[in-house]
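Colleague: Here it is: the structure, laid out below.
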Amino acid sequence: MTVADHRKRLMRACHGGMLDRQVLFSPDLIMSDKVIAHAPAALRAIRKKHSIVFLSSRTKSATSVTEQWLKKNKLMTHGDRLIVVGSEVEKLKHFRRLLPRLYAVIDDFKFDFQSGKPRVSARVLPHLLKLDVFVIIFENNWRNIVKTYFSESA
């Protein structure tokens, strides 16, 4: 679930095309992330019919601050779950475990932000499609996602 605008944090963590993971996952910087436009309304619409699992690939030591950020910004409510994994491979394992209860995966599937030209990951997305998972690629388009897949008329 893509709800945090982490571009400023990424810029601070990027040095000469390399990503400083200590800076990237600094609790102070995570807490300063902004909420992506329309994410709160989208989550409310999705919750009307589905439970929400935030599955984030970042250092596991950032679990607590990630949960704090989600709650501070009123994005995580009672009944939601947060799972933090250390890699895309671990993320895929969790998708497989969640499969029987999984309605959709909403993600940008991007990496290589430090280059200034993020690319779609060829690791996770093809595997999800093979698993016959309903995939919604997030492109800063929460309003359209809700209208298309989660509105009363969808």
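Colleague: Out of region 99-154, which residues are among the small types (Gly, Ala, Ser) and in contact (Cβ under 8 Å) with a residue 60 or more places away in the chain?
Modeller: Once the filter is applied, which keeps residues that are among the small types (Gly, Ala, Ser) and in contact (Cβ under 8 Å) with a residue 60 or more places away in the chain, region 99-154 yields Ser115, Ser151.
Colleague: Across region 84-111, what is the total count of residues that are farther than 19 Å from Arg123 by Cα and either aromatic (Phe, Trp, Tyr) or surrounded by 15 or more Cβ atoms within 10 Å (Cβ to Cβ) (or both)?
Modeller: Of the residues in that region, 2 qualify.
Colleague: Next up: Would a scan of region 70-77 turn up a residue that is hydroxyl-bearing (Ser, Thr, Tyr), in contact with a helix residue (DSSP H, G or I) (Cβ under 8 Å, 6 or more places away or on another chain) and crowded, with 16+ Cβ neighbours inside 10 Å? Reasoning before the result, please.
Modeller: Going through region 70-77, the residues hydroxyl-bearing (Ser, Thr, Tyr) turn out to be 77.
From the residues that got through so far, the ones that are in contact with a helix residue (DSSP H, G or I) (Cβ under 8 Å, 6 or more places away or on another chain) too are 77.
Cutting the leftovers down to crowded, with 16+ Cβ neighbours inside 10 Å gives us none.
Within region 70-77 (the criterion being hydroxyl-bearing (Ser, Thr, Tyr), in contact with a helix residue (DSSP H, G or I) (Cβ under 8 Å, 6 or more places away or on another chain) and crowded, with 16+ Cβ neighbours inside 10 Å), the answer is no, since none of the residues qualifies.
Colleague: Between a residue in region 51-79 that is in contact (Cβ under 8 Å) with a residue 40 or more places away in the chain and farther than 17 Å from Leu24 by Cα and any residue that is surrounded by 16 or more Cβ atoms within 10 Å (Cβ to Cβ) and among the acidic types (Asp, Glu), which pairs come within a Cβ distance under 6 Å, given they are 6 or more apart or on different chains?
Modeller: Pairs found: Ile52/Asp80.
Colleague: May I pose another question? With a cut-off of at least 1 residues that are within 24 Å of Leu19 (Cβ to Cβ) and small (Gly, Ala, Ser), name the helices (runs of 4 or more DSSP H) lying wholly within region 54-144.
Modeller: 63-72
Colleague: Hey, another quick one. Based on what the data block shows, is Lys60 modelled with pLDDT under 95 and in contact with an Asp or Glu (Cβ under 9 Å, 6 or more places away or on another chain)?
Modeller: No: the conditions fail for Lys60.
Colleague: Take the residues in region 1-26 that are part of a loop (DSSP other than H, G, I, E, B) and of a type in the set (S, T, N, Q), then tell me which one is farthest from the chain's Cα centre (by Cα).
Modeller: Step one: list which residues in region 1-26 are part of a loop (DSSP other than H, G, I, E, B), which gives 1-3, 6, 16-17, 20, 25-26.
Filter once more, so that each one left must be of a type in the set (S, T, N, Q): 2, 26.
Details: Thr2: 3, Ser26: 18 Å.
So the residue we want is Ser26.
Colleague: Taking region 27-43, which residues are more than 24 Å from Tyr149 (Cβ to Cβ) and either modelled with pLDDT under 95 or assigned to a loop (DSSP other than H, G, I, E, B) (or both)?
Modeller: Ser32, Asp33
Colleague: Of the residues in region 50-64, how many are surrounded by fewer than 18 Cβ atoms within 10 Å (Cβ to Cβ) and more than 24 Å from Phe150 (Cα to Cα)?
Modeller: 5
Colleague: Would region 80-94 turn up any residue that is more than 20 Å from Asp33 (Cα to Cα) and hydrophobic (A, V, I, L, M, F, W, C)?
Modeller: Yes.
Colleague: Within region 84-92, identify whether any single residue is over 15 Å from His6 (Cβ atoms), β-branched (Val, Ile, Thr), within 15 Å of the chain's Cα centre (by Cα) and at pLDDT 95 or above, and answer yes or no.
Modeller: no
The values are calculated or read from the model by the stated rules, or taken from the named source; none is laboratory data. Keep in mind that what you see is a predicted model, and the values were worked out from it rather than measured. Note that we place each Cβ from the backbone using ideal geometry, even for glycine, and neighbour counts take in every protein chain shown.
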